[in-house]
Amino acid sequence: MIGWYVHHHGYGHVARFLAVTPHLRTPVVAFSSMPRPAGLAAHVDWIELPPDADVFTRADGSRVDPRDADPTVRGHLHWAPLDHPGHRARLALIASTAAVRALTALVVDVSVEVVVFARLLGVRTLAMTQPGARTDAPHALAYDLADGILAPWARGAVAAEALGIRADRVVWTGGISRFDGRERAMPRDERSVLLLGRVLDDGVREDLVGRLRARGWDVTSAGHDAASRIDDPWPLLTRSTVVVSAAGQNSVADLAAAGARAVVIAQDRPFDEQLDTANALARWGLARQAHSRTGAADLVNLIERAAADDPDWSRWRTEGAAARMAAAIDAVQP
């Protein structure tokens, strides 16, 4: 049996898990602080882990913010706060499950500490990596200990210095999209823009919508708040003339699957993950690039230029990527 650690920040990690697991030949059990996601196959076990980032009470009654409990161990790890009962309990759950179910491998998306812990348990590890400058000591430790490293983008697209010296253990799968293989809507609308997710401040978004509509564009905003959230953006992705999106790995893979003309706006993320991805897309001519500080007038210009683009999204290798990742995971079995 394979274990899979799913990080709880955002939706990208669980979306990747949901896309890949149907292709696995080996049974899988998931660990996460997130609740069991809707749509997960009934035969896949989901173990919910206790939180380890909340304020806790020590035995002496003192209240402690885990950020003040030496969580990085003087820079050697990312998150291992002293005395935190939730942190201990989640690792204990992983260890007991590994022992009782005889886990043969653990996919870690993402946590340096879980990679290290799993390897100490004698479990083969597959570390999911992400773009960005991940050359710090904790990442180096995780990559050095991992039996394999999974990079969910096309090889050569995103500069990744940390992977170069470990290339013999890296599998570049291509972008993982939940929409891979789904039929695209044809033809695309004339002069329509989709603003996907919370990529713009409200004031900039409202200004942009007004400017675009004044120039004859139809504008749809989806996912910028709870009221505008939609479960299935695929029809909008494939029908819109231009999509304005963040530069996260799942967002980009969905753009690739849809063959979208796009303007991507890198969000502020650790290690400059989205900035590196946006730079790669601009360099390969797959999307126009904007910045979080780009104003509405400049965004209109970028959108109108993007409408005439013809990006070759096949370079991102989204087609078949989830199956390639599953094959790499299955191959680690003894």
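The values are calculated or read from the model by the stated rules, or taken from the named source; none is laboratory data. If you're wondering where the values come from, they're calculated on a predicted model, not measured in any experiment. Note that each Cβ is placed from the backbone with ideal geometry, even for glycine, and that neighbours are counted across all protein chains shown.
Here are a few things to note about the model shown:
- Residue 293 being more than 23 Å from residue 128 (Cβ to Cβ) and in contact with a strand residue (DSSP E or B) (Cβ under 9 Å, 6 or more places away or on another chain): no
- Residue match in region 56-66 (condition: touching a helix residue (DSSP H, G or I) at 6+ places or on another chain (Cβ under 7 Å), hydrophobic (A, V, I, L, M, F, W, C) and in contact (Cβ under 8 Å) with a residue 60 or more places away in the chain): no
- Selection from region 77-117 of residues that are over 17 Å from residue 34 (Cβ atoms) and part of a loop (DSSP other than H, G, I, E, B): 77, 78, 80, 81, 82, 83, 84, 101, 102, 103, 104
- Scanning region 264-303 for residues that are charged (D, E, K, R) and crowded, with 17+ Cβ neighbours inside 10 Å yields 269, 273, 276, 288.
- The residue that is nearest to residue 185 (Cα to Cα), counting only those in region 213-263 that are surrounded by fewer than 14 Cβ atoms within 10 Å (Cβ to Cβ) and charged (D, E, K, R), is 232.
- Region 88-137: number of residues that are within 18 Å of the chain's Cα centre (by Cα) and more than 21 Å from residue 151 (Cα to Cα): 0
- Test: residue in region 138-151 that is farther than 26 Å from residue 277 by Cα and crowded, with 16+ Cβ neighbours inside 10 Å: no
- Total residues in region 304-334 satisfying the condition of being farther than 27 Å from residue 188 by Cα, loosely packed, with under 15 Cβ neighbours inside 10 Å and at pLDDT 95 or above: the figure is 2.
- Matching residues in region 229-247 - criterion: being farther than 10 Å from residue 196 by Cα, part of a helix (DSSP H, G or I) and either not polar (S, T, N, Q) or not assigned by TED's automatic domain parsing to the domain that holds residue 209 (or both): 234, 235, 239
- Residues in region 6-55 that are in a helix (DSSP H, G or I), of a type in the set (A, V, I, L, M) and touching a residue at least 40 places away in the same chain (Cβ under 8 Å): 15, 18, 19, 20.
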